[in-house]
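These notes concern the structure reproduced below.
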Amino acid sequence: MIRCECSKDLKVFTCNANRPLAEKIAKHLGIELGALRVERFADGEVDVQVLESVRGADCYIIQPTCSPANENLMELLVAIDAMRRASAGRITAVIPYFGYARADRKSGPRVPITAKLVSNLITVAGADRVMSMDLHAGQIQGFFDIPVDHLRARGVFLEYFLKNKPKDLVVVSPDVGGVERARQFAARMDAGLVIIDKRRPKPNEAVVYNIIGDVKDKTVIIVDDIVDTAGTLSVVANKVKADGAKKVYAVCTHGVLSRDGVDKVEHSAIEKLFVTDTLPETRKPSKKIQVLSISHVFAEAIKRNHDGSSISEMFK
């Protein structure tokens, strides 16, 4: 447990999206969660009230914008506004999972860049800083006009696999966009790197064209940031297994696993899928899915930010 010499003006609050994670973070910090009421009016509008003084305090609001994304985003915005109007000294939006991150560019004509829109909303609501983990695209940090602390879950996965390091290991990037993420993981594991040449004929559907690298008689770890419907993950896992891989594991920071995602994992070649608790565990249970907590990472980042220490030093 992280026991910090926190001054009395550090306050951590949570909305409704992932209270268990917020409670773990507060426990690591050795403090109680702040009193925040987040409810609904009869017509469904978000109703928020801060139930303790935050005047001049360093406030952190923990709220992933996961499903239901619009509801959880609105809770965060209203909570930020409530803190601002209550004269909080500094407001940090702690967003373990940043929703709408996949709409980070104009992928076609007449489409929005929703990640930028959400960034603007959070800034205008009154946040002074944002803290998030494994953003889908690094450029999202630049969408904000306020500081962004981009945390990494890589160390949590590495800690597990370095204790249980398989032989003849290769790390697989499921697409070209994730190569840097997979390369860093492979470097720490002293493993080879394999890249999947993948195409998406339509959303949530993937087709593998080529495997760049050798997986025959290897233990494979597929590294990605988000597993949503598990379509890509299952296709890649089945492909590398068909090409001779001995065992297939996967690590994904954000285990969205919507629709029949859990079933796809269950019926794929994946031995074990490791995810973190950035999202609440509301999905269908599976023996193939193991959750590793990143609460201590957020707690350490909050402590360092509160004390004015370097956060980047955490990941060296």
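The values are calculated or read from the model by the stated rules, or taken from the named source; none is laboratory data. In this text, all values refer to a predicted model and were calculated from it rather than measured experimentally. Methodologically, a virtual Cβ is constructed for each residue, glycine included, from the backbone with ideal geometry; neighbour enumeration extends over all protein chains shown.
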- Restricting attention to the range 128-156, which residues are within 18 Å of GLY89 (Cβ to Cβ), free of Cβ contacts under 8 Å to residues at least 60 places away in the same chain and out of contact with any Pro (no Cβ under 9 Å at 6 or more places or on another chain)? ILE146, PRO147
- Query: Residues of the range 48-86 being assigned to a helix (DSSP H, G or I) and either closer than 24 Å to ARG304 by Cβ or touching a strand residue (DSSP E or B) at 6+ places or on another chain (Cβ under 7 Å) (or both), which ones?
  - Reply: MET74, GLU75, LEU76, VAL78, ALA79, ILE80, ALA82, MET83, ARG84
- Task: May I ask you to list the residues in the range 250-260 that are free of Cβ contacts under 8 Å to residues at least 60 places away in the same chain and surrounded by 24 or more Cβ atoms within 10 Å (Cβ to Cβ)?
- Result: ALA250, CYS252, GLY255, LEU257
- Return yes or no: is VAL124 out of contact with any Ser or Thr (no Cβ under 9 Å at 6 or more places or on another chain), at pLDDT 95 or above and in a strand (DSSP E or B)? no
- Message: Need the failing condition index for TYR97 against (1) among the hydroxyl-bearing types (Ser, Thr, Tyr); (2) over 23 Å from ARG152 (Cα atoms); (3) touching a residue at least 40 places away in the same chain (Cβ under 8 Å), just the number.
- Response: (2)
- Task: Would you please name the residue that is nearest to GLN141 (Cα to Cα), looking only at residues in the range 107-121 that are among the polar types (S, T, N, Q) and in a helix (DSSP H, G or I)?
- Result: SER119
